[in-house]
Amino acid sequence: MSPGREGSWTFVVPAVVTWFLLDAIVFVQAKNFEDVRCKCICPPYRNFTGHIYNRNVSQKDCNCLHVVEPMPVPGHDVEAYCLLCECKYEERSSNTIKVTIIIYLSVVGALLLYMLFLLLVDPLIRKHDAYTQPLHNEEDSEEMRPPVDSAQAKGNTVLERVEGAQQRWKKQVQEQRKTVFDRHKMLS
C-alpha cells in the first residue's frame, strides 16, 4: 500500500467503528420514532378534499380510525370515509441508510485523496517530454527527436506502457497537425 492510502484508512476505520458502536447503543435502546409510521392516503370525499395522514403508531393500529385525526367527516360518514382511505405500515432502517452513506462518503474521500496523491506525485514521476514541441517548430521536430530504443519501447511497468502509448498518440497528433498545416499552406 502507498503511504497516502494507509493514512486515509487509519482515519476511516476508527470513524466507521465509532459510528457502528454509537448506532448499536441507539438500536439497543429502542426503535427510532422516525423509522416506523402508518401512512393513510384518503381521496376526496363529498365536499372534503383528499389528504395524506402520517402517524407513528404500531402495526396493529395502522388503520384510518387511529391515524386520521382530526376526522374531517361527521360521525355517520366516518365508516364510508375510512373505507376509501388506503393505510400502509412503513418501516425503514435508518442504520442501513447511515452505513450506506458512510461507505459512499469513505469511497469518495479515498478517491479524492488518491487524486491529490497523483497530482502531487505525477510531476515527480514524469520526465521532460522530448516529443512536445511548440507548433512553430513542427518541421524541425522530426529531426530533433531522439531514437527510441527497442528495449525501452516495450516497457515492463504499467507506467512505462502508458507513457509509450502516450508518446505514440502525441506522434500521431503531431503528424495530423503537420498534414493539416501543409494542406492549409497549399490552399492559401
For this session: Scan L105, L113 and give me the residue that is in the same structural domain as V16 (by the TED database), free of Cβ contacts under 8 Å to residues at least 60 places away in the same chain and under 31 Å from the mean Cα position of the chain (by Cα).
Result: L105
Exercise. Of (1) touching a helix residue (DSSP H, G or I) at 6+ places or on another chain (Cβ under 8 Å); (2) modelled with pLDDT under 65; (3) open to solvent by less than 80 Å² (accessible area, probe 1.4 Å), P134 satisfies all except one. Which?
Worked result: (1)
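The values are calculated or read from the model by the stated rules, or taken from the named source; none is laboratory data. Quick caveat, the model's predicted, so the values are computed rather than measured. Quick reminder, even Gly has a Cβ in these numbers, built from the backbone with ideal geometry, and neighbours come from all protein chains shown. Heavy atoms of the whole protein, side chains included, go into the accessibility calculation; ligands, DNA and RNA do not. Shrake-Rupley method; radii C 1.70, N 1.55, O 1.52, S 1.80 Å.
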